[in-house]
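Let me begin by presenting the structure, written as structure tokens, before commenting on it.
Laboratory data are not the source of any read-out in this text; all were calculated from the coordinates shown. Just so we're clear, the structure is a prediction, and the values are computed from it rather than from any experiment. Because the Cβ atoms are built from the backbone with ideal geometry, glycine has one as well, and the counts that use them run over all protein chains shown.
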């Protein structure tokens, strides 16, 4: 008889929309917490590391803006800071994109190269000199 009452209680809880909604919300929160921990947190940490590389080795445009800052009116310093942050962000995106391209090329068994082209073409568009005249594709 006790088991029947337990089944009736569980059945009542399952039929209660508020209880069901609360359980679904709890399940969704658990899934989101797991996704944050397992994937999003790691991705965020990795992106911050890449951004740190961009800050430590900024593009030449950032160095130029920073060098001009002392010679500009102080009202413009905030704008220059925002522009340098934006350029660092773009550089970070570029580094991620290049790493992803390199990963794709390695996954396909291709060597370096730009955008999957001839590996003798460097990222700056300059051809590598092949003294042996060997095929590069």
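Going by C-beta contacts inside 10 Å, put 2, 49 in order with the fewest on the left.
Numbers: 2 6, 49 10.
Going from least to most buried by this count: 2, 49.
So between residue 57 and residue 81, what do we pick up on full extension, going 0.36 nm a residue minus the alpha carbon distance?
Extra length available between residue 57 and residue 81 comes to 7.0 nm.
Which FRET efficiency value, to the nearest 0.05, is calculated for residue 26 and residue 90 with the Förster distance at 41 angstrom and r the Cβ-Cβ distance?
FRET efficiency, residue 26 to residue 90: 0.50.
Return the FRET efficiency for the residue pair residue 12, residue 40: r is the Cβ-Cβ distance, R0 is 30 Å, and the value is rounded to the nearest 0.05.
Efficiency at R0 = 30 Å is approximately 0.20.
Evaluate Rg over Rh across the range 1-46, taking Cα atoms for both radii and Kirkwood's formula for Rh.
1.34
Sorting 93, 71 on the 10 Å Cβ count, fewest up front, what's the list?
In increasing order of surrounding Cβ atoms, one gets 71, 93.
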